[in-house]
1. Kindly establish whether GLY18 is small (Gly, Ala, Ser), surrounded by 10 or more Cβ atoms within 10 Å (Cβ to Cβ), within 30 Å of GLY94 (Cα to Cα) and at pLDDT below 90.
2. Do you know which residues across the range 28-68 are closer than 18 Å to TYR101 by Cβ, in contact with a Phe, Trp or Tyr (Cβ under 7 Å, 6 or more places away or on another chain) and aromatic (Phe, Trp, Tyr)?
3. Hey, can you tell me all the residues within the range 53-65 that are over 24 Å from LEU92 (Cα atoms) and either aliphatic (A, V, I, L, M) or in a strand (DSSP E or B) (or both)?
4. Six or more apart or on different chains, Cβ atoms under 6 Å: show the pairs whose first residue is in the range 91-104 and under 17 Å from ILE38 (Cβ atoms) and at pLDDT 90 or above and whose second is in a strand (DSSP E or B) and among the hydroxyl-bearing types (Ser, Thr, Tyr).
5. What tally of residues in the range 21-39 results from selecting those that are in contact (Cβ under 8 Å) with a residue 12 or more places away in the chain and either assigned to a helix (DSSP H, G or I) or touching a Ser or Thr at 6+ places or on another chain (Cβ under 9 Å) (or both)?
6. Does the range 65-72 include one or more residues that are at pLDDT below 90 and more than 17 Å from THR40 (Cβ to Cβ)?
7. How many residues does the range 72-95 hold that are charged (D, E, K, R) and either buried (at least 16 other Cβ atoms within 10 Å of the Cβ) or within 16 Å of the chain's Cα centre (by Cα) (or both)?
8. Return a yes/no flag: does the range 116-132 have any residue that is touching a strand residue (DSSP E or B) at 6+ places or on another chain (Cβ under 9 Å), modelled with pLDDT of 80 or more, surrounded by 10 or more Cβ atoms within 10 Å (Cβ to Cβ) and assigned to a loop (DSSP other than H, G, I, E, B).
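The values are calculated or read from the model by the stated rules, or taken from the named source; none is laboratory data. Quick caveat, the model's predicted, so the values are computed rather than measured. So basically every Cβ, Gly included, is an ideal-geometry build from the backbone, and we count neighbours across all protein chains shown.
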Amino acid sequence: MKVKNVLTVFAMTLLLSGCVVYSFYPLYTSDDLFANNILTGNWKDGDGAHWSFEHPVLNDKDKLKTDSTSYLLTVVQKDSVKQEFSVHIVKLGGHYFLDFYLSDFLGDEDLTLASFHTIPVHTFAKLTISENQLQINWFDQNWLEDLIRVC
């Protein structure tokens, strides 16, 4: 393994320790999912990356069928690095939450959103929707641990 790769993995480990909440298990069960078009479309974030959400097409006994309870997210960074995620929306306590799961790890040299998914894990974020704007807030793992301890 190259030294740069070792340093990248080390840096990702440090970042994962406090930047995002991750889990080997999804935030949802099949009963929690609902058909929606909340995310459908193309979005641009503050760093210039383009986010494209579309419902995946499934092959159901030789018929093509759209899964309207999930999304295929394609993120293209300014440097043309492309990442794909499976994303599900869950509504809990009147709030929307997102569950991201990397569809295909590309092994990028630079730290990107895909870099936080070096092993097959789910990452969670809160979704806030306003006029023509989506706000995705990543959870701080320490905050979540403290919240769980209180309960």
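1. Here the answer is yes, as GLY18 does meet what is asked.
2. If the condition is that a residue be closer than 18 Å to TYR101 by Cβ, in contact with a Phe, Trp or Tyr (Cβ under 7 Å, 6 or more places away or on another chain) and aromatic (Phe, Trp, Tyr), then TRP51, PHE53 are the ones that fit.
3. Of everything in the range 53-65, those that are over 24 Å from LEU92 (Cα atoms) and either aliphatic (A, V, I, L, M) or in a strand (DSSP E or B) (or both) turn out to be VAL57, LEU58, ASN59, ASP60, LYS63, LEU64, LYS65.
4. PHE100/THR123
5. 9
6. Taking every residue of the range 65-72 in turn, none turns out to be at pLDDT below 90 and more than 17 Å from THR40 (Cβ to Cβ).
7. Of the residues in the range 72-95, 3 are charged (D, E, K, R) and either buried (at least 16 other Cβ atoms within 10 Å of the Cβ) or within 16 Å of the chain's Cα centre (by Cα) (or both).
8. yes
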